[in-house]
Amino acid sequence: MKKEDLRIVYLGTPDFAVEPLQRLIEGGYRVVGVITMPDKRAGRGHNLCFSPVKQYALSQNLPLLQPVKLKDEGFLQSLRAWKADLQIVVAFRMLPEVVWTMPQLGTFNLHASLLPQYRGAAPINWAVINGETETGITTFFLRQEIDTGEIIQQVRVPISETDNVGDVHDRLMHLGGKLVVETVDAILCGTIHAVPQESIVVNQSLHAAPKIFKDTARIDWSQPAKSIYDFIRGLSPYPTAWTELVEPDGETVTHLKIFESKKIYEKHEFACGRIITDCKSFIKVAVSDGFIGICLLQLPGKKPLTAEAFLCGFRLNEQYKMK
């Protein structure tokens, strides 16, 4: 079968899923339909916002479905009408068996980790949070249990100590587009040798990558400097690590988002969370084995500011602490 004859249905929603779709379209592959999440209301005006995948699909005049329920019979009939030979899933949602078993060549997923490590919704965040020095992308065939199907191809990618999750996301996004096309070509040529994840030898414990909620992103100042530093960059620029600025009596002054920090290894006798500042140029927070220097932070409803710019407009003193 030629690539022009292969009928592909593509499922995805965020920016990460646009690159592979664009590579397929520009490469002359036949995408007969796109499935993305329903529009959501966002912003102060609560206007309906299109997902990045929907925006791209509309720009290319691609047939589009936005089902609320993936088992809805009306949706399933529309999906069958596309007569897909192959389905590709990138950053979408868990599919029911009736959907992923529909194409004759199966359904494969692009996942942003080196499976079986970091199965779940937020693999890039958790890899950086855990201080990994390497991650990658994987294509694999879907089966019932999430992120457990046979691996088709993988690409390894280094993580530097200064990378935040945005840096790694963008690197994997561009490589992911290339890997999806390579995987489609391998399926067309019949050259794939899918490997069960159970057969892969992993030299460390398996880490999960669950969805990150607000409480997950709260900084624990009792942790060592390296752990907090990795935590902050693993959530920057989104969804962003946060903390409370509190008065000595424990009353909350404000919430702060922390985008950038640095590790400072110095002996001290301060309680964890204690703020050290000259009120002009630097902010340090005491942790178990030193300090975390705050480089870029944000007040609610304001733009991110450097520590120096923040101190110009906010009266911070050492009576406050981070909690």
Problem set entry | Hits in the range 268-281 - residues which are more than 16 Å from LYS226 (Cβ to Cβ) and part of a loop (DSSP other than H, G, I, E, B) | HIS268, GLU269, PHE270, ALA271, GLY273, ASP278, CYS279, LYS280, SER281
Seminar exercise, completed: Result of the Cβ filter at 8 Å on the range 76-98, keeping first residues that are in a strand (DSSP E or B) and modelled with pLDDT of 95 or more and partners that are surrounded by 14 or more Cβ atoms within 10 Å (Cβ to Cβ) and hydroxyl-bearing (Ser, Thr, Tyr), at least 6 apart or interchain, is LEU86/THR107; GLN87/TYR10; GLN87/THR107; ILE88/TYR10; ILE88/THR107; VAL89/THR107; VAL90/TYR10
Problem set entry | Condition met for ASP220 (modelled with pLDDT of 95 or more, under 27 Å from the mean Cα position of the chain (by Cα) and in a helix (DSSP H, G or I)) | no
Exercise. Of these, SER236, SER222, which one is buried (at least 18 other Cβ atoms within 10 Å of the Cβ) and of a type outside the set (A, V, I, L, M, F, W, C)?
Worked result: SER236
Exercise. Does VAL253 meet the test of being among the aliphatic types (A, V, I, L, M) and over 26 Å from ALA271 (Cβ atoms)?
Worked result: no
Exercise. How about the range 282-323: which of its residues are farther than 23 Å from SER227 by Cβ and acidic (Asp, Glu)?
Worked result: GLU308, GLU318
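The values are calculated or read from the model by the stated rules, or taken from the named source; none is laboratory data. Treat the numbers as computed from the prediction; the structure is a model and nothing was measured. Note that each Cβ is placed from the backbone with ideal geometry, even for glycine, and that neighbours are counted across all protein chains shown.
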